[in-house]
Amino acid sequence: MGAKSETMYKRLPGKKKNLVVGYYTLFQGPDHLLLIFSRFGYEDYKRFYYTDIQAISTRKTTTAMIQNIIMAAIGLLFGLNLMSDNEVSVAIGAIMAGIFCILLFINIMRGPTSETFIQTAVQTEKLHSLHRLRTALKVMDCIRPLVINSQGQMTSNTFGSTPVRAESVNRPSRTSDQSASETGGKHTKSENGYVHLTVFGLFIPEFCTQISAMNTLQ
């Protein structure tokens, strides 16, 4: 990144190797985060400005637990060779079981794994370098003050005081004159239903007469 870049950027904890080639790192800049994917002398850059960051979320995953179970099982299988009468099998089993026990111990000491995502208005990007929960929380503690300084912090006093941006709130109320102009100049009047009930009552005798006439014809 050069001498000039080294004075501008601070390397944040965490590093993640890609499945095939390359690795991910994260740098703290004066006004943005810089995500770098390096491979064979090439580097891909993604910048996330503090003013654009909407959320940084981290969740614990079960990857570390699965790795521990696999390494413990393999170490146990090699440890069974210690019961063999063959000295070569015993030696190989002891060496391999010791290697997997060391790897298991290191993986346990590194803590649980995690997935961390950074969200802006236009994208959601996974921060691969923050694949350990302990490291992710440490980096988030470093980033939080920078985001607050850029965007400000919402307190309990300011929460809810921002006016809601809804079209229905800003839309002017319809007056009776406007309603009359939309209905051809005639004012509309709400009906409470008594007129319909009265008309229905007038038709009841006629309806009964028709029923009686039909019964007589039958």
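Numbers at a glance
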item	result
From the options I102, I118, I148, residue that is among the aliphatic types (A, V, I, L, M), assigned by TED's automatic domain parsing to the domain that holds I69 and either modelled with pLDDT of 90 or more or under 32 Å from the mean Cα position of the chain (by Cα) (or both)	I102
Top-ranked residue in region 129-154 [being touching a residue at least 24 places away in the same chain (Cβ under 8 Å), in a helix (DSSP H, G or I) and of a type in the set (D, E, K, R); ranked as farthest from R11 (Cα to Cα)]	R134
Checking E115 against (1) in contact with a Lys or Arg (Cβ under 7 Å, 6 or more places away or on another chain); (2) assigned to a loop (DSSP other than H, G, I, E, B), the condition it does not meet	(2)
Matching residues, region 17-27, being under 16 Å from K46 (Cα atoms) and not in a loop (DSSP other than H, G, I, E, B)	Y23, Y24, T25, L26, F27
Test result for F27, among the aromatic types (F, W, Y), crowded, with 16+ Cβ neighbours inside 10 Å and touching a strand residue (DSSP E or B) at 6+ places or on another chain (Cβ under 7 Å)	yes
Total residues in region 39-66, condition surrounded by 16 or more Cβ atoms within 10 Å (Cβ to Cβ) and either farther than 19 Å from R144 by Cβ or of a type outside the set (V, I, T) (or both)	4
Yes/no for Y49 being within 19 Å of S114 (Cα to Cα), in contact with a His (Cβ under 7 Å, 6 or more places away or on another chain) and modelled with pLDDT of 90 or more	no
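Conditions tested, residue by residue: (1) at pLDDT 95 or above; (2) crowded, with 17+ Cβ neighbours inside 10 Å; (3) touching a strand residue (DSSP E or B) at 6+ places or on another chain (Cβ under 9 Å).
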residue: G75; (1), (2), (3): no, yes, no
residue: G98; (1), (2), (3): no, no, no
residue: R110; (1), (2), (3): no, no, yes
residue: C142; (1), (2), (3): no, no, yes
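The values are calculated or read from the model by the stated rules, or taken from the named source; none is laboratory data. Note that the coordinates shown come from a computational prediction; the quantities given were computed from them, not determined experimentally. Positions of Cβ are generated from backbone atoms using ideal geometry, with glycine treated the same way; all protein chains shown enter the neighbour counts.
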